[in-house]
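Everything below concerns the one structure shown next.
The values are calculated or read from the model by the stated rules, or taken from the named source; none is laboratory data. Not measured: the values here are computed from a predicted model. FYI the Cβ positions are ideal-geometry reconstructions off the backbone, even for glycines, and counts take in every protein chain you see.
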Amino acid sequence: MDSIEWFNRHKDLFAKESFLLSNNKSNYKEDSNFAKKLFLSCGEILIRVNKPKRYPLLIVYPSSFPYSRQKVYLLKNKLSSDQLEELSLLNEHKISTELGNNIYYFDYKHQMRDGSLCYFQSDREFDDDISVFHIDECLLQVKQWIESTITGKALPEAPQENLFLHFRKCEGDKEFLLPSIFYSPHMIEGQFYFSESYFQSNALFKNYVGVRIDGKNLKGKVITQEFTVINSRILFAHPLSKNDYKKYKVVIDKFIQEEKIIIGKWWEINIINKPFSSLLEVIDILGNGDYMQGLSRLEPIKNELVKQAETIYLGFRFKNKLGEYEWLFFKMKLREKFDFGNTKFETTINILNGLYEISSVSSEKFTDEEFHKRNKGRVDRKNIKEKKVAIIGCGSLGSEIADILGKAGVGKLKLIDNEIIKAHNVIRHLVGLRLLNSSKVETVKHIIENHNPFIDVKSLPLNILDSNTKDYLLPDEIGISTIADENIEGYLNENAILSGNIIYYARALRGGKSARIFRVIPGKDACKNCLHLYLKEGNQIFKNIPTDDDLPTLSNECNNPVRPGSAADLKLISSITSKLIIEFLEKGDDSKNHWIWDTENIFNVEGSIQPYILHSDFIPPHHECYLCGKFENIFIKDSVVELIKSEVKKTKNNYETGGILLGHVTENNLYINIATDAGPNVIKSRSSYIRDDKYGQSRIDEEFIKSDGKNIYLGEWHSHPIASNTPSSIDVKSMKEISESLLYNTSKPVLLICSSKLDIACTIHPVEREYYSQNFIVK
Amino acid sequence: MNKAQEIIIPAEKGIFRTIFLNVGQGDSTLLVIPEGDNYKFMLVDCNIDENKNEIDLVKMFKDLLGKEKLDYFLNTHPHKDHLEGIEDVHKEIGIKEVWHSGHKPKGKHSEEYKQLKSVIDDIGDKNVFEYSGSDSVNELDKGERILGDITYHVLAPAEHVCEDIEEGTADEQYARIHEYCGVIKFSYGNTPKSILITGDAEHDAWSNHITEHHKKHLKSEVLSASHHGSRTFFMEKEKDEPYTKHIENIAPDYIIVSAPKQKDSPHDHPHDDAMQLYKEYVDEENLFHLGENDECVIVDIDSAGNISVNPDSELVKHYGYKNESKKESSNSPSITSTISLNKSIDKKQFG
């Protein structure tokens, strides 16, 4: 025996529906009902608009009721009890065919092709009453719908018409995608051009993209607009510019013949209220009810009609209730030829009306804004349209992150990886077997472009160990490293800090059961080296995640460690990483820079990180980091300041003078204890001073010994004979050399400059980094 | 927005809405008259008996109008069942303008007129309009007149009939009150649709003065049945040959009978024979007997001239008097008992 029907299972509901069918406020009078395989009710609904009239209905409860709604068919004649019983034994999908000619088509919107009516669905989750849609509500909608067919009054509905669905004949093998050029105002009628697209899924269905549109404006001037999008090469097979059309007419005519290119005429019209199916109705729409005017607007296709062209494509553009443009497209197909002889065109219309069959062609808005509309409220395209992100490493994590960012609408993506896709990659990778042995960046780029043609994707098949970030990252480009190799990431980290690029690092750990994601804004966040230092000193700010010995690295051939982890884990980590990056791109919130994902409770002892909750932290740079460390405080002794000032005062003729700074470093503080004078062999001038090196070195040695090795070389001081105390280009150059030279035992030399007004400024000049100024404390 | 406003004021602009209110043994019809973007309200006759499920007009108007006054009160004739409670309405709500037929019962009959008179006295003569149809000089039809964006056409009383009646004694005058009764047609829409208010106008008023004179303008899509569905619309007394020329010319699509359930009517309104006659002109389901179903009927005419007719139970639910007259069995039978599909349970074996 078959499974039991819904009405055997939900008896109370069945009872209620049966009751409502015979006791409703919509004037539905039930003739008969049957509950065999399907539960059906047939009767009439009384509509009291103008002359009261009864409309026969068939109500079909689908097998999936109450999880799907009753279907209501409008009939020409009521069904006999026997007929209804027979239908009741059928599958619900056969009802429409079985009803055949008895279906009453109103040719009005919201009647579907199978004759049933559409509903306005509520999409609230966990509605009260689990959104059972009872028949009284349904009948009320039917009543309103029929009333609206009489009065023409709008139903409560979405602003978009979706009228296409309500045309009885439609082209089942093609769809037009309409780029922004189809929505530009100031055009009233003209010609449209569609080209077959590259991304069609099967041979039986063709997608076309609008490549060009011509339109007269109100003054009669023709404007031509061509569709140019970043990735047009993946969109349409045959771009078609105005010049192409003249130049390659023969080829293009062949393409038209093969329907690789579709060209048709379009008009702007007031409104299309209801579906239509004949040329006469087209004239009515064009003339807005005025036949003669409609006939005159038919002029652009007059020649084709006179010649009785096999197919004529038409497009209508109108404004919906929101005042936005909508399109409807139609194909007119010649049924048979007719010999008109010399009959005047105007008098052939009635015959032509019978010769042509009109069917609608599905179309969809295909603009940047519309394409990203479903991201609305979660990621705003306009905030990230201009953002640049480089994905460094396009493996299982990188390819997925790239795809998610692409779908989010990040404007410019760069893919960096020099590997090719191998069969063993596919199980966790975005790319499938079809693209084996292609470059990873090329194949990922292809897939991302296919997912979002409105963004710019670049591929760079390079090994970052062979390059400097300056070669592959733009100054404002954010990088995402998923390389998962300590050395390569270390190199990237050093490069990026020096070039000033922000980098995110994401790595799956313990077979994907955990993950560490962190961001490095140079100078603001702890860099990769800082984290190493924190780990080394056992600082709890860095949470170490031990490796899982049961899931060791699978292979490490040629320094390419492959670690286990399934797509379920890796996609999740990719999503989390992408989400963090999108949030940062959109809102710029940089209050956190380190995230740990754990699914096992490995931090049970500390209890600070709970499984399945993303743990977030802010980790500042480590003070000892050669890349980003900074002194917390700089202390300068009174005697140092006094010496400098008195030396400056002593120097005549506005010459410069200077000396060496000695002192010590503890923890994160710098102590300047001694300043030397210029020495006997100094060369002073108004724009520079050249120190007495021998004197300087002797003072260093002397103070080193005197202090038992406490006071060491820290940097330089000198005067400026002007009011400014900022480093000159010569100062910067010298300090850079000091920081880089092995002769000076510091990579962060300090520079004090005293102005003519005796103001002293302090700058630090770290190796390979921009110098920065820092306040100091005199004590 | 409170319930009265929600139900009574059309959601769109430019709808002429007529609500036949359930008021038991009497008449009360509310006209919602479009005037540009706004609406004005006219109450045609008034009856407050305070029986269960009958509309509490004062409460309803308080919600509908807030601190505003009612724009118009139109009385078809000064009988108690067309005037009862109008003093309360005026006292609680206020009435700006009174329209009436001009009939003023005298002598012992003046009691009936008292309520209307007190309202008229209060608002002053300049706010009172005595309507009439054809004038007395040449019996010429005064034609359609404008009220807001709708039109109205007074078909009765004709001036010469009024003058004729006024000549009689107080008793004679009172006997002919239904001849002096207002019959008014309200129309709206590009292809105009009409509602005919008939008060208690009886067959002799129709046959003598109205039908022939106004044959061309009688056609109305909605007919408010005269005299609470009484046979007097068609005949003097039971079994007389019915007069039907008027309804043939009115040719209604919908008929509204304002009467309580027949068993609750002291006059057995509506009369069975009258209802039978009405059914010859409209289908049973387009003949609405307000008291029978304890409902009101809302008629909308849009600016294009589409008319739609819908019964309404919400007004009764929110503004009907709640007092129990007698214990009634619930109207809706228990749900499970209505299922007839499984006529009986089948045989089952148990071990």
Where A:K78 falls short, out of the listed (1) in contact with a Gly (Cβ under 8 Å, 6 or more places away or on another chain); (2) under 16 Å from A:K143 (Cβ atoms); (3) of a type outside the set (F, W, Y): (2)
The one condition in (1) under 22 Å from the mean Cα position of the chain (by Cα); (2) surrounded by fewer than 18 Cβ atoms within 10 Å (Cβ to Cβ); (3) assigned to a loop (DSSP other than H, G, I, E, B) that B:S220 fails to fulfil: (2)
When residues of region A:56-85 are limited to those that are of a type in the set (S, T, Y) and within 49 Å of the chain's Cα centre (by Cα), the one nearest to the other protein chains (Cβ to nearest Cβ): A:Y61
Conditions (1) crowded, with 18+ Cβ neighbours inside 10 Å; (2) over 15 Å from A:L140 (Cβ atoms); (3) out of contact with any Leu (no Cβ under 6 Å at 6 or more places or on another chain); (4) at the interface with another protein chain (Cβ under 10 Å from one of its Cβ atoms): number failed by A:L20: (2)
Only one of B:E68, B:E6, B:E50 that is surrounded by fewer than 23 Cβ atoms within 10 Å (Cβ to Cβ), farther than 26 Å from B:A158 by Cβ and under 18 Å from the mean Cα position of the chain (by Cα): B:E50
Enumeration of residues in region B:128-143 that are surrounded by fewer than 20 Cβ atoms within 10 Å (Cβ to Cβ) and modelled with pLDDT under 85: B:D135, B:S136, B:V137, B:N138, B:E139, B:L140, B:D141, B:K142, B:G143
Hits in region A:526-567 (condition: free of Cβ contacts under 8 Å to residues at least 40 places away in the same chain and aliphatic (A, V, I, L, M)): A:L535, A:L554, A:V562
Residue count, region A:319-345 (criterion: of a type in the set (A, V, I, L, M, F, W, C) and crowded, with 19+ Cβ neighbours inside 10 Å): 5
Where B:E202 falls short, out of the listed (1) within 14 Å of chain A (Cβ to nearest Cβ); (2) touching a His at 6+ places or on another chain (Cβ under 9 Å): (1)
Which numbered condition A:T348 misses (of (1) surrounded by 14 or more Cβ atoms within 10 Å (Cβ to Cβ); (2) in contact with a Pro (Cβ under 7 Å, 6 or more places away or on another chain)): (2)
Residue check, A:I660 in a loop (DSSP other than H, G, I, E, B), touching a strand residue (DSSP E or B) at 6+ places or on another chain (Cβ under 9 Å) and among the aliphatic types (A, V, I, L, M): no
Residues located in region A:261-277, provided they are modelled with pLDDT under 90 and out of contact with any Lys or Arg (no Cβ under 7 Å at 6 or more places or on another chain): A:N270, A:I271, A:I272, A:N273, A:F276
Filtered residue count, region A:2-17, keeping only those that are within 10 Å of chain B (Cβ to nearest Cβ) and basic (K, R): 2
Cβ-Cβ under 7 Å pairs, at least 6 apart or on other chains, region A:703-732 side farther than 16 Å from A:P749 by Cα, far side exposed (fewer than 15 other Cβ atoms within 10 Å of the Cβ): A:H720/A:S756; A:P721/A:N654; A:P721/A:R686; A:P721/A:S756; A:I722/A:S756; A:A723/A:S756; A:A723/A:K757; A:N725/A:D759
Any strands (runs of 3 or more DSSP E) falling wholly within region A:199-307 and containing at least 2 residues that are of a type outside the set (A, V, I, L, M) and under 30 Å from A:I447 (Cα atoms): A:206-216, A:222-226
Scope region A:571-615; condition surrounded by 14 or more Cβ atoms within 10 Å (Cβ to Cβ) and small (G, A, S); matching residues: A:S574, A:S578
Boolean, A:S88 is over 30 Å from B:L287 (Cα atoms) and within 14 Å of chain B (Cβ to nearest Cβ): yes
Hits in region A:277-312 (condition: buried (at least 19 other Cβ atoms within 10 Å of the Cβ) and either touching a residue at least 60 places away in the same chain (Cβ under 8 Å) or acidic (D, E) (or both)): A:L279, A:V282, A:I283, A:R297
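Yes/no per residue for (1) assigned to a loop (DSSP other than H, G, I, E, B); (2) under 15 Å from A:I480 (Cα atoms):
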site	(1), (2)
A:A506	no, yes
A:K524	yes, no
A:L535	no, no
A:P546	yes, no
A:D550	yes, no
Tally of residues being facing chain B (nearest Cβ under 8 Å) and in contact with a helix residue (DSSP H, G or I) (Cβ under 8 Å, 6 or more places away or on another chain) across region A:35-55: 6
Members of region A:186-213 that are at negative phi, of a type outside the set (S, T, N, Q) and without any contact (Cβ under 8 Å) to a residue 40 or more places away in the chain: A:Y198, A:A203, A:L204, A:F205, A:V211, A:R212
Criterion violated by A:L13 - all others in (1) among the aliphatic types (A, V, I, L, M); (2) more than 30 Å from A:D107 (Cβ to Cβ); (3) surrounded by 17 or more Cβ atoms within 10 Å (Cβ to Cβ) satisfied: (3)
